[in-house]
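In what follows, a single structure is set out as structure tokens and then discussed.
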Amino acid sequence: MKTNGIGRSTIEAELSAIVPNAHLVEPIQKSEFYSRIEKACKLMQDQKGQVMYLHAGTNLYYFTGTKWNSSERLVGALLFPNGSLHYIAPKFEEGTILDFMEVEGTIHCWEEHESPYQLLAQVCSENGVNNGTVFIDESTPFFISDGIAKANSKFELVNAKPITAGCRMVKSEAEIAIIQHAMNITLEVQKAVARILHVGISAKEVTDFIHEAHKRYGVSSGSYFCIVLFGVDSSFPHGVKAPKNLEDGEVVLIDTGCQLHGYLSDITRTYVFGAINELQRRIWNVEKETQLAAFRAAQLGNTFSSIDDASRVVIEAHGLGPDYDLPGLPHRTGHGIGLDIHEWPYVVRNEETVLEPGMCFSVEPMLCVPDQFGIRHEDHIYMTNQGPKWFTEPMQSIENPFGV
């Protein structure tokens, strides 16, 4: 074996060594939800909006603390600029909504044969909104926004992203602490994964281990997602239909994360099992150089577009690309993270959002060599008043990726 920290252990040994620690970080407190509502109301007032509809999902949770999955039934909340909050839900779900509710508000219910859209329009009218700008949560399914539009044709439905993203893009200290803890857990899982590898192990065995390892750390839901790729499979950024088993001398790409108090981790580690060839070494080192160039470009006052530009300057200097051509970087350099695994801001050309303290995002300028392998180093940054900081330190070298 040529690579430090790879192999030589077993699934049983690694799982038995894990000590739960997910409980050591606090969830978001109720007072923070009220602060978020206050900020959203100010943004609405600045943009002359009359009300914002928050649909079941991460936006509803972010502002109200109410956890509810989107379905074919309208479940959501109306937030008015004065801070008034009104929930809309099926009558048979009223008790459950009360149970999940963190931020108190009036609940308005509709029976199965009734129109939730007419009820929404009625609640708006009762609060003085009969026409004008109605902000619609950008994750709202079309059939719901269409129903709202038909319930009152005088509404001007507007994308709520300037408000939702305007709040969610900048994380609080409590949010960053949760994300940091989740990242720490996933990094330890990544190290354990590397130690259990052996020739012939299947992607499913590794995936199952990752799921169980996250659970052993106290994350009850296990891994939020998992991509395990060996050899040529790693040249496909998000995997293949039938992943192959591990062979000697192959690239190993593991991309996984977990969900803790609603917030997500997301880390990719790529290394070689066995002897390293020169092409693998060259591309791995270019990937590391590219990731560090993106980190250095992530300075307060710069745009997210400039980070993606910095990645491509390095890649093209090594004769890869240009743009999205292969061998090279076929996608954006990174994405924001928080309650959603991919959220604003995106690290991509033409994204002119300016970096500011509290923003959290990935740096993962993956390099793909068609029909051979792919290398992705993925770590996340959070912005401070002094500039960028890593949630997790990048891999050290191809011979010693985890710094053992």
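Ranked by solvent-accessible area (1.4 Å probe, protein heavy atoms only, all chains present), the residues Met366, Met169 order from largest to smallest as Met169, Met366. Counting only protein heavy atoms and a 1.4 Å probe, the stretch 1-132 has 50 square angstrom of accessible area per residue. Phe92 contributes an accessible area of around 110 Å² to the protein surface, as traced by a 1.4 Å probe with all chains present.
Stokes-Einstein diffusion of the stretch 177-317 at 37 °C, 0.692 mPa s viscosity, Kirkwood radius from Cα pairs, rounded to a whole number: 200 µm²/s. Computed over the stretch 81-217, the P(r) curve from all C-alpha pair distances, binned at 10 Å from the origin, holds 9, 24, 24, 18, 16, 7, 1 percent per bin. Note on the chain: with neighbouring protein chains present and a 1.4 Å probe, carbon and sulfur make up 50 percent of its accessible heavy-atom surface.
In the chain, a dipole from Cβ-located charges (positive for Lys and Arg, negative for Asp and Glu) runs towards its positive end, and of Asn130, Val19, Ile97 it is Val19 whose Cα lies farthest in that direction. Rounded to the nearest 20 debye, the dipole size of the chain about its Cα centre is 420 debye, using +1 on the Cβ of Lys and Arg and -1 on the Cβ of Asp and Glu. A helix-only calculation puts the chain at -10500 deg cm²/dmol for mean residue ellipticity at 222 nm, using -39500 (n - 2.57) for each DSSP H run of at least four residues, averaged over all residues.
When the charge dipole of the stretch 26-124 is built from unit charges on Cβ atoms (+1 for Lys and Arg, -1 for Asp and Glu) and taken about the Cα centre, the candidate among Val75, Gly49, Gly65 whose Cα reaches farthest toward its positive end is Gly49. Taking 27 Å as the limit for the C-alpha separation, the pairs Lys91/Lys150; Lys67/Lys154; Lys67/Lys241; Lys191/Lys288; Lys191/Lys215; Lys48/Lys154 exceed it in the case of Lys67/Lys154; Lys67/Lys241.
Residues Tyr382, Tyr87, ordered by accessible area of protein heavy atoms at a 1.4 angstrom probe radius and largest first, appear as Tyr382, Tyr87. Measuring with a 1.4 angstrom probe and ignoring ligands and nucleic acids, Glu205 comes out at about 80 Å² accessible. Placing pseudo-labels 7 Å out from each Cα toward the beta carbon at Asp323 and Thr353 gives an inter-label distance of 2.5 nm.
Over the stretch 295-404, accessible surface divided per residue gives 37 Å², non-protein components excluded, 1.4 Å probe. Taking a quarter of the surface of the Cα convex hull of the chain gives a mean projected area of 20.7 nm². For the stretch 216-291, the solvent-accessible area with a 1.4 angstrom probe is 35 square angstrom per residue. When both the stretch 180-259 and the stretch 327-360 are represented by their alpha-carbon centers, they are found 23 Å apart. Given R0 = 22 Å, the distance between the Cβ atoms of Glu112 and Asp146 translates into a calculated FRET efficiency of 0.70. The solvent-accessible area of His342, taken with every protein chain present and a 1.4 Å probe, is close to 80 Å².
The values are calculated or read from the model by the stated rules, or taken from the named source; none is laboratory data. Since the structure is predicted, the reported quantities are computational estimates derived from the model, not experimental observations. As a convention, Cβ positions derive from the backbone with ideal geometry for all residues, glycine included, and neighbour counts pool all protein chains shown. With ligands, DNA and RNA removed, areas are computed over all heavy atoms of the protein, side chains included. Shrake-Rupley method; radii C 1.70, N 1.55, O 1.52, S 1.80 Å.
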